[in-house]
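Single-structure report; data block below.
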Amino acid sequence: MITVILCAAGSGIRANLPDNKIFFETGGLSVLSRSLSAFAPFAGEMLVAVREEDTARVRALLAPYPQARTVPGGKTRAESVFSALQEAKGDIVLVHDAARPFVSHALIVRCIAGVKSYGSAICALPVHDTVARVSEGVIADMPPRDALYSLQTPQGFFTADLLRAYRCAAEDGSLPSFTDDSGVYAKYVAPPHIFQGDRANEKLTSPEDFAPPARVGFGVDTHAFAHQDELDRGIARLNLSYIKLGGAVVPSDRELEAHSDGDVLCHALMDALLSAIGERDIGVQFPTDDPAYAGADSMKLLAAVMEKVRAAGFCVQNASLTVLAERPRLSPYIESIRQNLRAALGCDAVAVAAGTNEKLGYIGEGRGITCCALVLLREGA
């Protein structure tokens, strides 16, 4: 049987969180729940080391996992693991930081296989940066990088061996000094064996680890071409020789019906940006019944939306836009549109595509244009 020990007795202090970081939700699941669900298919027993004040909340999260239960956490990580080891019933034990919620099944399988083959299995990644040992603010030594690895979890062992090592550390008083299970095993049992880790298997520790790394927004807009009888009656207001798309002037035999300048591409893009920051759409931001926006330049409205994006603490990482129109022919104007939008968004990664609707529906019949926009925002300026 395999026992999994999840170290969850920390707090949210380093992450500037109000409580234990294992309760932080990412993608609708708590950090602890993600770790539990990753190990559940492999574990006959899961022991979650927690602080006394967190026990009730953790037990509620354990409800879907009948093989899971809490054990008292210690003041240090090593004390928490030792507490859990003394209750472990499995032949093999996997120790994992609960705050590494993105551990994959492939890593867990490699860990178990490593224990069966070598008696120990330590998840590790080669260090790519130059590493220095610093003493009193100056570099004292620079060990060769090719011999250095950063250690992750899970770390797997035969339970009896790891328990023996922890008992030795407890007896000689060195237990609180260990920050990693491989260190205890190395000192009292044997040099542990490593296996290839995964950069996605990061430990959530600092405030930036818990900040939303990106926001996605989607927008779609449609404008109809003005009918000939409306043109004759003077209902359409714009110059009949062109339409505007992404700030570019595109020759056209009909204008697009709109309260503003009818730049349907800008309108879809603005809705995508607003949705990414949780704001209402352009119909709310720039009402069609407000005379102030009659014939408004959509590129100026886009600039106003970008001010909202920046005020929310984000910038555009990339944008992808598609125009569906049977007419006019847009390919000669795509690069001009791209350049306009790149400048407006402050982002080089702007893709613009145009296609027809194969003569189907209102687009195929030449009665209107539809545009779709997808944006990715990241924090920062």
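The values are calculated or read from the model by the stated rules, or taken from the named source; none is laboratory data. Remember, it's a predicted structure, so these values are computed and weren't measured experimentally. No Cβ is skipped: glycine too gets one built from the backbone with ideal geometry, and neighbour counts run over all protein chains shown.
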Next on the checklist: Tell me which strands (runs of 3 or more DSSP E) are completely within the stretch 298-381 and hold 2 or more residues being touching a residue at least 40 places away in the same chain (Cβ under 8 Å), or say none if there are none.
Outcome noted: 314-324, 368-379
Checklist entry - Are any of the residues in the stretch 276-284 within 21 Å of Ala354 (Cβ to Cβ) and in a helix (DSSP H, G or I)? => result no
Item to check | Per-region count, the stretch 257-282, residues out of contact with any Leu (no Cβ under 8 Å at 6 or more places or on another chain) and either under 20 Å from Ser336 (Cα atoms) or surrounded by fewer than 24 Cβ atoms within 10 Å (Cβ to Cβ) (or both) | outcome: 7
Checklist entry - Tell me, which strands (runs of 3 or more DSSP E) wholly within the stretch 22-116 include 3 or more residues that are in contact (Cβ under 8 Å) with a residue 12 or more places away in the chain and farther than 19 Å from Ser182 by Cα? => result 45-50, 68-72
Checklist entry - When you go through (1) touching a residue at least 12 places away in the same chain (Cβ under 8 Å); (2) over 21 Å from Lys203 (Cβ atoms); (3) assigned to a loop (DSSP other than H, G, I, E, B); (4) not hydroxyl-bearing (Ser, Thr, Tyr) one by one for Ala9, which number turns out not to apply? => result (2)
Checklist entry - Which residues, taken from the stretch 225-246, are surrounded by 15 or more Cβ atoms within 10 Å (Cβ to Cβ) and modelled with pLDDT of 70 or more? => result Phe225, Ala226, Tyr242, Ile243, Lys244, Leu245, Gly246
Item to check | Residue match in the stretch 86-93 (condition: of a type outside the set (Lys, Arg) and out of contact with any strand residue (DSSP E or B) (no Cβ under 8 Å at 6 or more places or on another chain)) | outcome: yes
Checklist outcome for this item: For Gly10, the lone unmet condition from (1) within 26 Å of Ser177 (Cβ to Cβ); (2) touching a Phe, Trp or Tyr at 6+ places or on another chain (Cβ under 8 Å) is (2)
Next on the checklist: As an exercise: evaluate Ala132 against (1) surrounded by 15 or more Cβ atoms within 10 Å (Cβ to Cβ); (2) more than 26 Å from Ser11 (Cβ to Cβ) and give the number of the one condition it does not meet.
Outcome noted: (1)
Checklist entry - Does the stretch 20-33 contain any residue that is assigned by TED's automatic domain parsing to the domain that holds Leu163, modelled with pLDDT of 95 or more and loosely packed, with under 15 Cβ neighbours inside 10 Å? => result no
Checklist entry - Does Ala160 satisfy the condition of being small (Gly, Ala, Ser), modelled with pLDDT of 95 or more and part of a loop (DSSP other than H, G, I, E, B)? => result no
Next on the checklist: Looking at the stretch 191-208, can you tell me whether even one residue there is more than 27 Å from Leu17 (Cβ to Cβ), outside the structural domain of Gln152 (by TED's automatic domain parsing), touching a helix residue (DSSP H, G or I) at 6+ places or on another chain (Cβ under 6 Å) and modelled with pLDDT of 95 or more?
Outcome noted: no
